Amino acid sequence: VHHLRTTTMGSRRVLSTLVVVFMFSDVSGGGGFGDRLLRTFLKFAVEPLTMQEAAQAGWSPVSKVCDPEYGYSFSQGGASGPTTAHPYMMYFTKAGQVAGFGIRVWSQPTPSLVPDFWRPSPDDKGAWDLIVATRNSSMMCSGQNDTQNGPLGDVVTIGSTLPVHMTLEKAEEAGWVGGNCIKGMGIHYSYDLAAKGNLTWNINSFVPVQPMYNVASHALDAVLLMVPWATLTEPFGNFEGPFTDSLYCKNFCENTGCHFPGVSFFSTMHWMFSDTSLNTCEGAPCQL
């Protein structure tokens, strides 16, 4: 029996975006992960898996040249890039396969998380981008189709510094801490740069991305991207929230001491990789 670990430890427009590249070093033999890409939780948007599908769905190419790390960027905010109404983007390889996704926000990111997590936008001065890459960088600009992996790819990288793994066992070995399981999402995992394997509840060292794992299969099923402020949320925007500190702490098990001093609100955006109905949370050590 595998025991999941938890911890007991406790309208100024400044463009920002956070860069996330999750490396799954425990992947072997190809095959990839996931079979779909759904955005947000309360009202899912099915996102395109090819450049052709993106164009047909009204996405516009933003980048003029291929980025060797992320490929070509597309936006629903037009050729100039993401907007407050459409603060997200998709990335595709030169061959047209999905290569990643991300967000652009309009507040200054936590300074201690720059540049390892938040990176300045290459096409919008003053903006920062959170990018989740889902294919190896060697595929981005090669023009070759990835025929060995699934529709999403086989890697996911946060910046270029912190590995996130395909299974919750590998995540725990690497110091990620398990939290609440929420039906339709999975078990939320978190990482504190200042306390591997524990959480200090300091927003300056808290990684603003939480992977989620299926209770039954232990496989990665989704990621949550978080910003520690209020922004345009559903139904008026594309983020979820805004959540108070106590509401955001529902992502963690009870009696963990969750509290982020100095943070009034959180906004989140979920990206799902599989059938959400398969995440029942049955057997989870703690659940909402």
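The values are calculated or read from the model by the stated rules, or taken from the named source; none is laboratory data. Since the model is a prediction, treat every value here as computed from it, not as a measurement. Note that each Cβ is placed from the backbone with ideal geometry, even for glycine, and that neighbours are counted across all protein chains shown. SASA here: full protein model, heavy atoms, side chains in, ligands and nucleic acids out. Shrake-Rupley method; radii C 1.70, N 1.55, O 1.52, S 1.80 Å.
Asn238 meets each of the listed conditions (1) of a type in the set (S, T, N, Q); (2) touching a His at 6+ places or on another chain (Cβ under 9 Å); (3) open to solvent by 20 Å² or more (accessible area, probe 1.4 Å); (4) more than 27 Å from Val114 (Cβ to Cβ) apart from (4). Can you confirm whether Ser205 is surrounded by fewer than 20 Cβ atoms within 10 Å (Cβ to Cβ), of a type in the set (Ser, Thr, Tyr) and within 22 Å of Thr276 (Cα to Cα)? No: the conditions fail for Ser205.
For region 121-142, the criterion of being among the small types (Gly, Ala, Ser) and open to solvent by less than 10 Å² (accessible area, probe 1.4 Å) is met by at least one residue.
If you filter region 40-75 down to residues that are of a type in the set (D, E, K, R) and assigned to a loop (DSSP other than H, G, I, E, B), you find that the one that is nearest to Arg135 (Cα to Cα) is Glu69. The requirement of being closer than 24 Å to Met90 by Cβ, part of a loop (DSSP other than H, G, I, E, B) and polar (S, T, N, Q) is fulfilled nowhere in region 185-204; no residue meets it.
Among the residues of region 119-159, the ones that are of a type outside the set (S, T, N, Q), in a loop (DSSP other than H, G, I, E, B) and more than 23 Å from Arg39 (Cβ to Cβ) come to 4 in all.
Does Met226 satisfy being in contact with an Asp or Glu (Cβ under 9 Å, 6 or more places away or on another chain) and crowded, with 16+ Cβ neighbours inside 10 Å? Against the criterion (in contact with an Asp or Glu (Cβ under 9 Å, 6 or more places away or on another chain) and crowded, with 16+ Cβ neighbours inside 10 Å), Met226 does not qualify. Taking residues in region 162-185 that are aromatic (Phe, Trp, Tyr), and partners anywhere that are surrounded by 18 or more Cβ atoms within 10 Å (Cβ to Cβ), the pairs with Cβ atoms closer than 6 Å and at least 6 places apart or on different chains are Trp176/Tyr189; Trp176/Tyr191.
Restricting region 267-282 to residues that are outside any helix (DSSP H, G or I) and of a type in the set (A, V, I, L, M, F, W, C) leaves a set whose member that is farthest from Thr231 (Cα to Cα) is Cys281. Taking the criterion of being surrounded by 17 or more Cβ atoms within 10 Å (Cβ to Cβ), within 20 Å of Asn204 (Cβ to Cβ) and not aromatic (Phe, Trp, Tyr), the residues of region 243-262 that qualify are Asp245, Cys249, Asn251, Thr256, Cys258.
Please find, among Val114, Val105, the residue that is of a type in the set (A, V, I, L, M, F, W, C) and surrounded by fewer than 20 Cβ atoms within 10 Å (Cβ to Cβ).
On the way: Val105 fails: surrounded by fewer than 20 Cβ atoms within 10 Å (Cβ to Cβ).
Testing whether each residue is of a type in the set (A, V, I, L, M, F, W, C) and surrounded by fewer than 20 Cβ atoms within 10 Å (Cβ to Cβ) leaves just Val114.
For first residues located in region 84-111 and over 24 Å from Glu234 (Cβ atoms), partners that are basic (Lys, Arg) and lie 6+ apart or on another chain with Cβ distances below 6 Å form the pairs Ala99/Arg135. Among the criteria (1) closer than 17 Å to Gly184 by Cα; (2) open to solvent by less than 10 Å² (accessible area, probe 1.4 Å); (3) modelled with pLDDT of 95 or more, the one Ala284 does not fulfil is (2). For region 164-183, state whether one or more residues are aromatic (Phe, Trp, Tyr) and over 22 Å from Thr200 (Cβ atoms). No, region 164-183 contains no residue that is aromatic (Phe, Trp, Tyr) and over 22 Å from Thr200 (Cβ atoms).
So which residues in region 160-184 are in a loop (DSSP other than H, G, I, E, B), among the small types (Gly, Ala, Ser) and out of contact with any helix residue (DSSP H, G or I) (no Cβ under 8 Å at 6 or more places or on another chain)?
Step one: list which residues in region 160-184 are in a loop (DSSP other than H, G, I, E, B), which gives 160-166, 174-176, 183-184.
This time we only want the ones that are among the small types (Gly, Ala, Ser), so: 160, 174-175, 184.
Once the filter is applied, which keeps residues that are in a loop (DSSP other than H, G, I, E, B), among the small types (Gly, Ala, Ser) and out of contact with any helix residue (DSSP H, G or I) (no Cβ under 8 Å at 6 or more places or on another chain), region 160-184 yields Ser160, Ala174, Gly175.
Number of residues in region 154-199 that are of a type in the set (Gly, Ala, Ser), in contact with an Asp or Glu (Cβ under 6 Å, 6 or more places away or on another chain) and open to solvent by 20 Å² or more (accessible area, probe 1.4 Å): the value is 0.
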